Amino acid sequence: MIRFEGVHKYFGKLHVLNDVNLHVKKGEVVVVCGPSGSGKSTLIRTINQLEPIDEGKLIVDGMDLSDPKVNINKLRAEVGFVFQQFNLYPHLTALKNITLAPIKIRGTPKKEAEEQAIALLERVDLAEKKDVHPSQLSGGQQQRVAIARALAMKPKIMLFDEPTSALDPEMIGEVLMVMKDLAESGMTMVVVTHEMGFAREVSHRVSFIDFGSILEEAEPAEFFMNPKHERLRQFLKQVLSPMH
Amino acid sequence: MLKYKFDWAVVLSGTYYDWLVSGVKVTIQLSVVSIALAFLLGLTIAVMRMSKLRPVRWFAHGYLEFFRNTPLLVQIFFWYFGSYKILPTAVNDWLVSTNFEFASAVIALTIYTSAFIAEDIRSGVLSIPKEQMEASRSSGFSYIRSMQFIILPQAVRITIPPLINQFLNVVKNSSLAMTIGVAELTYQARQVESYTFKGFEAFTAATVVYLAMSIIITIAVTWYSKTILSPLKAR
């Protein structure tokens, strides 16, 4: 579904992605973690071309992103993206945030799009908030609406860029539960997160990235019980028991 | 002692009242048409001004600087006295057969005002967080459609107070159309003064009408933005 082959990316002189190779199969959930500034956000943003790559090959849903002729809007319609800061449209109600793209891009009739949106809001347990504007929702609620908005396009892939990092601690659980349900429904997912509980319980594979390179990649049990790379051992120690 | 005897009946009834009323109608037509066109043109120029294509951006920039840095009166004279000399005869005949004075005034007011509106809207767009564009592009919207559905609707909400200013300017600036013979309110007030020497009454009436129109616009746009347009509160 997603295949990175020797991908490089530079911000000026800064080498943010250094020879990245990563393969995500259909239905797989892959967690990407690493220290801040390691390039993990850039990595996930290249998948829907919010950041273009400079070298190498990146194939998403059969489309080669290094080909200048690729229709980027068509690709993005198939890939849902969930942001750290939610980025809901503040001038639209929760319902309209969800129905806008299906109506305007997919050409779904309004009534049908609204029925689907209400079903999605029920799925994220927010049906009663359909006519509310984002400013009247809590962070956790906004993020759940944002997930529903991405799902409304019936994407083949869902990308999550630190979806719980901007949330108050008591709201993290509600968002992770929605993501867990989604993973169990067989969605292909790439998740950048520091939530190691989610990585351990839900993901099929965990990737550790530092200085723009993937240093280690393993199934969660192996990744947490038997980390090989010294930097990963340090990182896990800091993330799992920050006081020691 | 004030020797002048006020005669309000002159402007409140009879022929001269009818003149003033017809002037009010023309002023309203001129203002409404110019405001609507200037708003649409201003939106277009604002988007062009932010285009990634350099020639488009430069054209919009040149347009802005040209039309907001020359006097409106000169622009009105240009369209009225100058433009027909370079237009094909067929177009000219058609223009003369319609209301050429009115059309020239609308063109001048529209273009002049659109330059200011475009800058106001552009500053509104620049104040929208760039993540809004990212979110919209991520859903598969093109740049232009993101502007249409996500960015401009938010930018216009932010821009309402300066937009009201521009709309009021159109109403007040429309009085310049009298110089090319558009029989709008100021023109008619001047006529009444010429026929009756009741200049105080005539221009007081005009003043009151302009003031009323401005207040109505302010209230209407504010009401519209507060109730019909949904709120845009900060998170």
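Condition check: under 19 Å from B:Gly42 (Cβ atoms), in contact with a helix residue (DSSP H, G or I) (Cβ under 8 Å, 6 or more places away or on another chain) and either within 14 Å of another protein chain (Cβ to nearest Cβ) or part of a helix (DSSP H, G or I) (or both). Does B:Leu176 satisfy that? No; evaluated as a whole, the condition is false for this residue.
Restricting attention to segment A:82-110, the residues being charged (D, E, K, R) and closer than 21 Å to B:Leu152 by Cα number 2.
For (1) within 25 Å of A:Phe224 (Cβ to Cβ); (2) modelled with pLDDT of 95 or more; (3) of a type in the set (Ser, Thr, Tyr); (4) touching a strand residue (DSSP E or B) at 6+ places or on another chain (Cβ under 9 Å), each residue gets a yes or a no:
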position: A:Val30; (1), (2), (3), (4): yes, yes, no, yes
position: A:Glu51; (1), (2), (3), (4): no, no, no, yes
position: A:Glu55; (1), (2), (3), (4): no, no, no, yes
position: A:Val79; (1), (2), (3), (4): no, yes, no, yes
position: A:Leu95; (1), (2), (3), (4): no, yes, no, no
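Of everything listed in (1) within 26 Å of B:Tyr80 (Cα to Cα); (2) within 14 Å of the chain's Cα centre (by Cα), the single unmet condition for B:Ser214 is (1).
A residue that is acidic (Asp, Glu), assigned to a helix (DSSP H, G or I) and loosely packed, with under 13 Cβ neighbours inside 10 Å can be found somewhere in segment B:64-72.
Within segment A:75-101, the set of residues being part of a helix (DSSP H, G or I) and over 18 Å from the mean Cα position of the chain (by Cα) comprises A:Ala94, A:Leu95, A:Lys96, A:Asn97, A:Thr99, A:Leu100, A:Ala101. In segment B:149-167, the residues that are free of Cβ contacts under 8 Å to residues at least 24 places away in the same chain form Cβ pairs under 9 Å with partners that are polar (S, T, N, Q) and in a helix (DSSP H, G or I), at six or more places apart or across chains, as follows: B:Phe149/B:Ser136; B:Ile150/B:Gln132; B:Ile150/B:Ser136; B:Pro161/B:Thr222. Selection of segment B:125-139 for residues being part of a helix (DSSP H, G or I) and either open to solvent by 20 Å² or more (accessible area, probe 1.4 Å) or not aliphatic (A, V, I, L, M) (or both) yields B:Leu126, B:Lys130, B:Glu131, B:Gln132, B:Met133, B:Glu134, B:Ser136, B:Arg137, B:Ser138.
So that you can scan it fast, the table gives a plain yes or no per residue for (1) touching an Asp or Glu at 6+ places or on another chain (Cβ under 7 Å); (2) away from chain B (no Cβ under 11 Å); (3) on the phi < 0 side of the Ramachandran plot:
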{"residue": "A:Gly37", "(1), (2), (3)": "no, yes, no"}
{"residue": "A:Asp54", "(1), (2), (3)": "no, yes, yes"}
{"residue": "A:Lys57", "(1), (2), (3)": "yes, yes, yes"}
{"residue": "A:Val60", "(1), (2), (3)": "no, yes, yes"}
{"residue": "A:Asp64", "(1), (2), (3)": "no, yes, yes"}
{"residue": "A:Asp67", "(1), (2), (3)": "no, yes, yes"}
{"residue": "A:Val70", "(1), (2), (3)": "yes, yes, yes"}
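For segment B:78-87, the condition of being within 14 Å of chain A (Cβ to nearest Cβ), of a type in the set (Phe, Trp, Tyr) and open to solvent by less than 50 Å² (accessible area, probe 1.4 Å) holds for none of the residues. Scan segment A:104-118 and tell me whether some residue there is open to solvent by less than 50 Å² (accessible area, probe 1.4 Å), touching a residue at least 40 places away in the same chain (Cβ under 8 Å) and not charged (D, E, K, R). No, there is no match, as no residue in segment A:104-118 is open to solvent by less than 50 Å² (accessible area, probe 1.4 Å), touching a residue at least 40 places away in the same chain (Cβ under 8 Å) and not charged (D, E, K, R). Checked against the criterion of being in a helix (DSSP H, G or I), open to solvent by 80 Å² or more (accessible area, probe 1.4 Å), out of contact with any strand residue (DSSP E or B) (no Cβ under 9 Å at 6 or more places or on another chain) and more than 25 Å from B:Phe167 (Cβ to Cβ), the candidates B:Val56, B:Val96 yield just one match: B:Val96. Does B:Ile111 meet the test of being open to solvent by 60 Å² or more (accessible area, probe 1.4 Å) and under 18 Å from the mean Cα position of the chain (by Cα)? Taking the combined requirement at face value, the residue does not satisfy it. Output yes when any residue across segment B:221-235 is more than 18 Å from the chain's Cα centre (by Cα), surrounded by 17 or more Cβ atoms within 10 Å (Cβ to Cβ) and part of a helix (DSSP H, G or I), and no when none is. Within segment B:221-235 (the criterion being more than 18 Å from the chain's Cα centre (by Cα), surrounded by 17 or more Cβ atoms within 10 Å (Cβ to Cβ) and part of a helix (DSSP H, G or I)), the answer is yes, since at least one residue qualifies. The set of residues in segment A:86-99 being out of contact with any helix residue (DSSP H, G or I) (no Cβ under 6 Å at 6 or more places or on another chain) and facing another protein chain (nearest Cβ under 8 Å) consists of A:Leu92, A:Thr93. Inspection of segment B:185-207 identifies at least one residue that is at pLDDT 95 or above, under 22 Å from B:Ile164 (Cα atoms), open to solvent by 60 Å² or more (accessible area, probe 1.4 Å) and away from chain A (no Cβ under 14 Å). All of B:Arg157, B:Arg145 fail the test of being part of a helix (DSSP H, G or I), under 19 Å from the mean Cα position of the chain (by Cα) and within 10 Å of chain A (Cβ to nearest Cβ), apart from B:Arg157.
The values are calculated or read from the model by the stated rules, or taken from the named source; none is laboratory data. Keep in mind it's a predicted model, so treat the numbers as computed, not measured. Because the Cβ atoms are built from the backbone with ideal geometry, glycine has one as well, and the counts that use them run over all protein chains shown. In case anyone asks, the SASA skips ligands and DNA or RNA and just uses the protein heavy atoms, side chains included. Shrake-Rupley method; radii C 1.70, N 1.55, O 1.52, S 1.80 Å.
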